[in-house]
1. Provide the packing ranking of 261-268, 366-373, i.e. peptides ordered by the mean count of other C-beta atoms within 10 Å per residue, highest first.
2. Give the Rg/Rh ratio for the chain, taking Rg as the radius of gyration of the Cα atoms and Rh as the Kirkwood radius, to two decimals.
3. Taking K and R as +1 and D and E as -1, what net charge do the other residues with C-beta under 9 Å from the C-beta of Arg153 add up to?
4. Once both labels are modelled 7 Å past Cα along the beta-carbon direction, what's the Ala315-Asp273 spacing in nm?
5. Got a sec? Charge dipole of the chain, +1 on Cβ for Lys and Arg, -1 for Asp and Glu; which of Gly154, Leu319, Ala243 is way out at the positive end?
6. Given a 1.4 angstrom probe, what's the average accessible area per residue across the chain, in square angstrom?
7. Provide the net charge surrounding Ala208, with neighbours chosen by a C-beta distance below 12 Å and charges set as Lys +1, Arg +1, Asp -1, Glu -1.
8. Just tell me which lysines come within less than 19 Å, Cα to Cα, of Lys218; anything on the same chain fewer than 8 places away is out.
Amino acid sequence: MSAPGTTIFEHMSGLARELGAINLGQGFPELPEPPELIAAAQRALGERSNQYPPMRGIPELRAAVAGYYARTQGLTLSAEQVIVTSGGTEALAATVFALVAPGDEVVLVQPLYDAYLPLVQWAGGTAKVISLTSPEWTLPIETLKAAIGPKTRGIVLNTPNNPVGTMLSRETLEAIGEVAEAHDLWVLCDEVWEAMVFDGTPHVSPLAIPSLARRSVKVGSAGKIFSMTGWKVGWAVAAPALAAKIAARHQFLTFTTPPALQWAAAEGLALPDTWFAAQRARYTALKARLVSGLEAAGFIVLPASGTWFITLDLAASGLPADDVLLSERLVREAKVASIPVSAFYAERPEKGFLRLCFTKDEAVLDEAVARLAAFRAALA
Ligand code: PMP
């Protein structure tokens with residue numbers, strides 16, 4: 001995994017700029033932004049206080065988060081359980097710093113989002129890293145059990161998973177719940193992609209599993225829900241005692257989050273279901289366009305439920321199966337930037353998969369497909 005400061009994302013985006021390549025590496029939409037949210041933020045900037053809001057977040061946003069999860073995931077939460085943070089990233093950091101003491105072991109599951117490992121290490125913890133089983137990316141419960149030792153205190157999960165887009169089923173979470181109960185573990189579940197699910201698979205949070213509800217922290221992100229990644233408004237949701245510990249860390253990480261964006265996120269979460277359905281339909285169509293274009297050109301795309309990404313299976317697609325070398329060739333020769341999935345591994349990397357982002361306009365996706373198809377045809 002790249003050292004902090006020189007991530008693969010910066011490397012690829014830098015190359016894309018330098019070479020004039022289409023950037024399907026970076027994980028953000030290049031599409032019109034939701035006018036309802038922009039207008040709400042503008043109104044809040046002009047009409048509401050721009051001074052420090054309450055440390056745990058404005059009550060209206062905390063209530064809106066609880067209401068949104070009641071509506072979309074059937075969770076019964078009180079606003080007291082919600083701590084508003086500066087992005088999902090800060091919620092992850094505040095939670096890790098609240099729960100990990102020096103010497104603790106934490107199970108991480110790869111492919112993993114790049115913040116987890118450094119956060120655990122900065123807290124003085126040690127990571128025990130297990131892997132999802134490719135290419136279905138299922139979580140092997142026996143491997144999880146085997147990774148738990150006397151110093152293990154918690155598990156970090158991510159559903160839907162960035163980079164591979166698969167989700168943890170209720171059955172898997174229940175099995176994890178048994179393990180967590182048996183060893184008295186906490187579970188930190190990164191659910192920032194929960195609203196970006198395009199195949200109808202129900203999103204299940206550990207907070208919905210009786211054995212996990214009391215011991216789990218759910219992390220969400222308005223930046224992902226509203227497709228404005230720069231907003232950096234997120235939250236941690238947990239049982240009141242856990243939430244209080246997280247708030248104590250948040251207090252000295254950022255203390256608070258810009259109030260206008262909190263007001264806008266609160267308004268956004270109360271938008272009608274039709275708004276969310278329309279957003280999902282737009283992304284579903286873009287994803288289908290990229291997948292069908294690639295499949296028509298002979299690429300094999302792995303099934304995925306959510307996130308803004310699709311995964312190419314390189315060997316099955318008849319491509320050289322070293323994702324790092326291939327992504328370097330693709331950006332230079334085909335002028336399409338991608339992200340090697342092995343960048344999401346801390347150890348024992350899987351080298352056979354490439355991540356592509358589909359939240360770009362149709363013409364950009366079509367041109368990327370044409371370039372990738374020409375590259376693949378030239379190899380044959
Ligand atoms: N977790 C995962 C799995 C992510 O993909 C991201 C953003 N790419 C984050 C957390 C960070 O979310 P935020 O921008 O709200 O800090």
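The values are calculated or read from the model by the stated rules, or taken from the named source; none is laboratory data. A quick note: this is a predicted structure, and the numbers were derived from the prediction, not measured. All Cβ positions, even for glycine, are placed from backbone atoms using ideal geometry, and neighbour counts span all protein chains on display. All accessible areas refer to the heavy atoms of the entire protein, side chains included, with ligands and DNA or RNA removed. Shrake-Rupley method; radii C 1.70, N 1.55, O 1.52, S 1.80 Å.
1. Highest to lowest by the protection proxy: 261-268, 366-373.
2. Taking Rh as the inverse mean 1/r over Cα pairs, Rg/Rh reads 0.96.
3. That works out to -2.
4. 4.4 nm
5. Comparing the listed Cα positions along the dipole, Ala243 ranks first.
6. Normalised by residue count, the accessible surface of the chain is 39 Å².
7. -1
8. Here the lysines satisfying the reach criterion relative to Lys218 are Lys232, Lys245.
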